[in-house]
Amino acid sequence: MFPIRWLSSLLVIGVQFLFIQNAWSKPYEMPTNCKRLECPSYVVLHHFNEFEIRSYQGHTIWMSTKEISSNSYKEAANEGFETLFDYIQGKNNVHMKIEMTAPVLVDIVPSSSPLCNSTFAVKFYVPKKHQKKPPVSSQVEPEQWPGNQYVAARRFGGFMNDSNVAMEALALKESLEKSPWASRTSLKRRKGSSEFTVAGYDSPYEYDNRVNEVMIFLNDY
């Protein structure tokens with residue numbers, strides 16, 4: 001019979017082999033809307049069945065709403081999107097219309113108790129031609145991502161709501177915690193950042209084959 005320590009080692013090797021096999025599987029396809037809308041570029045570093053690790057390239061600017069306190073993801077997301085829509089329609093310092101991009105992000109800090117509201121911030125990726133000097137507005141504020149922003153992303157479909165957003169975020173956290181990759185990289189969220197972020201690639205008027213993602217931002221790679 002094999003000694004117990006050998007069996008433990010074999011089990012660890014087996015688990016790692018399964019993750020290596022998953023890493024060889026095909027990464028998520030680029031959402032269809034990224035063929036007609038500008039989307040930020042990224043490189044897939046690892047891909048597993050349940051999620052993938054990305055590096056968003058270059059210093060990118062996003063426009064973010066101020067924090068929205070609400071007990072409803074849908075209400076907060078709608079309120080934030082309306083603010084951003086006004087901004088890209090010309091409600092900015094130079095009265096410039098800006099092309100729509102994808103995805104629209106919603107940073108979420110869940111409430112600490114059922115009696116408290118969660119905190120949300122809705123974000124818009126600034127097109128490349130406006131990255132160096134984006135129009136400004138009192139209603140939104142710029143946020144700059146570092147040169148290599150590392151993200152763990154899990155994809156899902158349908159319309160986002162409080163139930164499936166929370167469920168997908170929990171599934172992503174559990175997958176990360178169980179992965180061998182987690183032991184080599186810090187999974188703690190950045191200071192001052194959201195606990196998790198959701199990304200929507202489709203307009204509210206698109207019903208079929210919707211693409212959503214839940215993301216956790218990583219400190220390093």
Is segment 45-129 rounded, prolate or oblate when judged by the Cα gyration tensor, a ≥ b ≥ c being the square roots of its eigenvalues, rounded requiring a/c under 1.5 and prolate requiring a/b larger than b/c? oblate
Anchor residue 97: lysines whose Cα lies under 18 Å away (excluding residues fewer than 8 positions away in-chain): 123, 128, 129, 132, 133
Using θ = phi - 60° and Karplus 6.51 cos²θ - 1.76 cosθ + 1.60, couplings along segment 165-175 (whole Hz; Gly, Pro as x): 5, 5, 5, 5, 5, 5, 5, 5, 4, 5, 5
Quick check on segment 16-175: take the gyration tensor over C-alpha atoms, sort the square-rooted eigenvalues as a ≥ b ≥ c, and tell me if it's rounded (a/c under 1.5), prolate or oblate. oblate
Using each residue's phi in segment 157-163, evaluate 6.51 cos²θ - 1.76 cosθ + 1.60 at θ = phi - 60° and report the 3J(HN,Hα) Karplus result to the nearest Hz, with x for Gly and Pro. x, x, 8, 7, 8, 4, 6
Whole angstrom only: what separates the Cα centroid of segment 76-134 from the Cα centroid of segment 206-220? 16 Å
Spelling out what I want: for every residue of segment 88-104, take phi, set θ = phi - 60°, compute 6.51 cos²θ - 1.76 cosθ + 1.60 (Karplus), and round to whole Hz; glycine and proline get x. 6, 8, x, 7, 9, 5, 10, 6, 9, 7, 10, 5, 5, 10, 9, x, 8
Label-point gap, in nm, between residue 78 and residue 99 - each point 7 angstrom along Cα→Cβ: 3.0 nm
May I ask you to list the trypsin sites (Lys or Arg not before Pro) in segment 115-151 that are in a DSSP loop and have at most 13 other Cβ atoms within 10 Å of their Cβ? 132
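Every number in this text was worked out from the coordinates using simple rules, so none of it is lab data. These numbers come from a predicted model, not from an experiment. No Cβ is skipped: glycine too gets one built from the backbone with ideal geometry, and neighbour counts run over all protein chains shown.
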